[in-house]
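> Pasting a structure here, questions to come.
The values are calculated or read from the model by the stated rules, or taken from the named source; none is laboratory data. As the structure is a prediction and not an experimental result, all values here were calculated from the model. In this analysis, Cβ positions are derived from the backbone assuming ideal geometry, glycine residues included, and neighbour counts consider all displayed protein chains.
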Amino acid sequence: MINKSDNFLVYPVILHPELEGGYSVEVPDINGGSWTQGETVEESLYMARDLIGINLIDCIEYPKFTPIKDIKVAKNDIITVVDIDINKYRRSTAKTVRKNVSLPEYLVEIGKKQGINFSDVLTKALEEKLL
């Protein structure tokens, strides 16, 4: 894993070529080994990234990266790495939830006059504080 503070994660991925075409894709560090598939190398890597994102979207701590040299693969397998910006993934897939908050009236009035989007401000403040 590279620079956890940036929430930029990197994990090894193994592409297993299938006899009928396409690839079975193994991500050994996610949930003790997770699988997906793709028709092309590009699609397989996209699916691996999505699998990582789906599994880590709610995590605060992330699984440790296994060095590629420690992974055993078969002759025709392709081993590579996939990166993901987990915060960007969260923003692109998160559904919004309505929450009621209490604010000082004077801040609401000033905010309205300045055209402030209160939801956007609160979201950015929470991301900065929590992520």
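> Take the residues in region 75-98 that are among the aliphatic types (A, V, I, L, M) and at pLDDT below 95, then tell me which one is nearest to the chain's Cα centre (by Cα).
86
> Quick check on region 120-129. Is at least one of its residues under 30 Å from residue 29 (Cβ atoms), surrounded by fewer than 12 Cβ atoms within 10 Å (Cβ to Cβ), of a type in the set (Val, Ile, Thr) and out of contact with any Lys or Arg (no Cβ under 9 Å at 6 or more places or on another chain)?
For region 120-129, residues under 30 Å from residue 29 (Cβ atoms), surrounded by fewer than 12 Cβ atoms within 10 Å (Cβ to Cβ), of a type in the set (Val, Ile, Thr) and out of contact with any Lys or Arg (no Cβ under 9 Å at 6 or more places or on another chain): absent.
> Here are 108, 41, 97, 73: which of them is touching a strand residue (DSSP E or B) at 6+ places or on another chain (Cβ under 6 Å) and either at positive phi or not aromatic (Phe, Trp, Tyr) (or both)?
Being touching a strand residue (DSSP E or B) at 6+ places or on another chain (Cβ under 6 Å) and either at positive phi or not aromatic (Phe, Trp, Tyr) (or both) holds for just one of 108, 41, 97, 73, which is 73.
> Restricting to helices (runs of 4 or more DSSP H) lying wholly in region 37-114: which have 2 or more residues that are surrounded by 10 or more Cβ atoms within 10 Å (Cβ to Cβ) and assigned by TED's automatic domain parsing to the domain that holds residue 24?
It comes to 41-56, 86-93.
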